Each structure stands twice: as structure tokens, then as C-alpha cells.
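What follows is a set of notes on a single structure, which appears directly below.
The values are calculated or read from the model by the stated rules, or taken from the named source; none is laboratory data. Small disclaimer: the values here were computed from a predicted structure and weren't measured. We place every Cβ from the backbone using ideal geometry, glycine too, and count neighbours over all the protein chains shown. Only protein heavy atoms, including side chains, enter the accessible area calculation; ligands, DNA and RNA are left aside. Shrake-Rupley method; radii C 1.70, N 1.55, O 1.52, S 1.80 Å.
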Amino acid sequence: MLGSNEQSGEKALFPQPIVRMGSEAGPTVLVVAGIHGNEPAGIRAAQIIAGWSVRRGKLVVWSPANPAAVARHQRTIPDVPPEEGDLNRNFVVEGRECRPRGTLARQLWHHVEQIRPDWLVDLHESVKFHKDRGVGNTLIVYPREETVAVAKKLLAKVNQQITGSDEKFVLLRWPARGSLARAAGAVLGCQSFILESTRQDPMEKRVAYHCEFVRALLEELQMEPTARTPK
């Protein structure tokens with residue numbers, strides 16, 4: 001269901017987020033997927049994560065963030081100027097402000113500002129493993145002390161099930177300039193990271209990794225995620 005941007009009056013270009021509220025106060029975790037339209041594993045994982053309940057805090061799932069690109073199975077936003085095509089380069093930080101480039105980035109940023117997440121997790125896929133000069137199987141953190149410390153715990157938890165040393169997830173610092181994760185960390189002060197799986201793994205495994213990392217984060221934050229019972 002598409003909503004509207006009340007601030008600008010423009011029709012929203014993305015679905016409304018799914019919000020799961022816990023019964024107790026706690027942190028707000030925003031999970032974003034589908035910023036690049038040719039990265040389906042994160043979108044499938046987000047569908048699963050959106051069905052979880054949490055004991056405390058708020059879980060917000062926003063997917064797909066770039067539905068027009070998803071519909072065409074392409075990385076970039078269709079029918080926009082080339083410099084606006086890559087949505088994850090459009091959250092331009094200048095000084096202490098984010099100046100989004102293009103309508104979609106502007107609308108997304110407006111809503112992220114309203115949500116004010118304590119944690120932002122952006123789900124992506126890379127073509128290659130990190131060992132092959134890609135960014136596959138990495139956590140790319142905005143390097144706040146707490147973010148790095150928690151990311152190391154998540155890596156230890158998920159990596160223990162991965163037998164191949166070259167396929168274990170590794171920690172990288174600084175999301176790309178113009179990325180949503182970087183803007184959220186720099187401007188909103190939240191703990192943010194990009195999770196990159198790799199297309200060299202089968203789809204089922206990639207989806208599982210995304211879900212396992214998000215679950216591990218929610219457990220670390222004592223939000224106690226559980227699958228919702230269908231009515």
C-alpha cells in the first residue's frame with residue numbers, strides 16, 4: 001500500500017513501513033531492504049522479519065524502498081537523471097545535514113527522520129565475496145563505539161555456523177558516501193550498518209543470513225523477537 005508524504009504533498013513512491021510494537025519501552029530498530037532493485041534476498045528476509053513480534057521497543061520494517069527498480073529487476077531508479085539513479089548514493093551529507101538528491105531519497109529521508117531509529121540495518125547483496133574484492137558477507141558499520149562492539153558480537157554469533165573461513169562475515173567501516181546508513185549515522189546519530197550477503201551463495205542461504213543477523217541484533221537489545229502466530 002502506497003502512502004503519501006504529508007510534508008511535501010507528493011505521492012509516496014514506496015510502501016508504508018510495517019511496525020511491531022513491544023509491550024515495554026525499548027529501542028527502535030529500523031530494517032530497510034530493496035534500496036537496490038536487483039538485490040532480492042534482503043527483500044525476502046524483510047518479509048519474514050516483518051512477521052516477528054518483539055517484547056520491548058519498536059521494530060520497523062521498510063521494504064522495498066525502491067519498488068520501481070525492484071519491478072524492473074535493476075539496481076537503479078528507472079526514469080530519473082543518471083546522477084540520481086543509485087538511491088544509495090543520494091543521501092548526501094553536507095555539514096550536519098542530509099540533503100537528499102531526488103524525490104525518492106527526499107521522501108525516504110523525511111520518514112526516517114520521523115522514525116528516529118536507535119538502530120538502522122540496511123540489507124544488501126554483493127556480487128562477490130570480500131576475499132574476491134567485493135563486499136559480500138560483510139557488516140559495514142558507521143563506526144561508533146557501540147555499533148562496532150555490537151557488530152563484533154553479531155559476527156561471532158553468525159560466523160560460528162559458517163565452516164569456510166573465506167566465507168565468514170567480516171567487519172568493515174564507513175558505509176559509502178551518499179548511503180542511507182552513512183547519513184543516518186552522521187546526521188541522526190543512530191547506530192547504523194549495512195549488511196551485505198553475496199550472490200555466490202544460494203538464495204535460501206542469503207535470506208537466512210539476513211534474518212539471523214537481524215534476530216541476533218534484536219536479541220542483543222533484549223527485544224526477544226518471535227514469529228507471530230497467524231490468526
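Within segment 91-116, the residues that satisfy the criterion of being closer than 10 Å to Ala183 by Cα and in contact with a strand residue (DSSP E or B) (Cβ under 7 Å, 6 or more places away or on another chain) are Phe91, Val92, Cys98, Arg99, Pro100, Trp109.
Residue under question is Thr28, and the condition is that it be in contact (Cβ under 8 Å) with a residue 60 or more places away in the chain, open to solvent by less than 40 Å² (accessible area, probe 1.4 Å) and polar (S, T, N, Q); does it hold?
yes
Scanning segment 116-143 for residues that are of a type in the set (Lys, Arg) and under 17 Å from Pro202 (Cβ atoms) turns up just one, Lys128. Output the residue which, of all residues in segment 65-103 that are within 22 Å of Leu188 (Cα to Cα) and in contact with a Gly (Cβ under 6 Å, 6 or more places away or on another chain), is most open to solvent (accessible area, probe 1.4 Å). Checking each candidate, the answer is Arg89. The C-beta contact set for segment 176-188 (first residue over 13 Å from Ala105 (Cα atoms), second residue assigned to a helix (DSSP H, G or I) and of a type in the set (Lys, Arg), distance under 9 angstrom, 6+ apart or interchain) comprises Ala176/Arg89; Ala176/Arg182; Arg177/Arg89. The condition of being under 22 Å from His36 (Cα atoms) and more than 17 Å from the chain's Cα centre (by Cα) does not hold for Pro175.
Got a number for residues in segment 195-231 being under 23 Å from Ala176 (Cα atoms), open to solvent by less than 10 Å² (accessible area, probe 1.4 Å) and not in a helix (DSSP H, G or I)? The qualifying residues number 3. In this structure, does Gly95 turn out to be out of contact with any helix residue (DSSP H, G or I) (no Cβ under 8 Å at 6 or more places or on another chain) and touching a residue at least 40 places away in the same chain (Cβ under 8 Å)? It is false that Gly95 is out of contact with any helix residue (DSSP H, G or I) (no Cβ under 8 Å at 6 or more places or on another chain) and touching a residue at least 40 places away in the same chain (Cβ under 8 Å). Residues in segment 104-142 that are part of a helix (DSSP H, G or I) and open to solvent by less than 50 Å² (accessible area, probe 1.4 Å): Leu104, Ala105, Gln107, Leu108, Trp109, His110, His111, Val112, Ile115.
Scanning segment 170-181 for residues that are of a type outside the set (Val, Ile, Thr) and surrounded by fewer than 23 Cβ atoms within 10 Å (Cβ to Cβ) yields Leu171, Leu172, Arg173, Trp174, Ala176, Arg177, Gly178.
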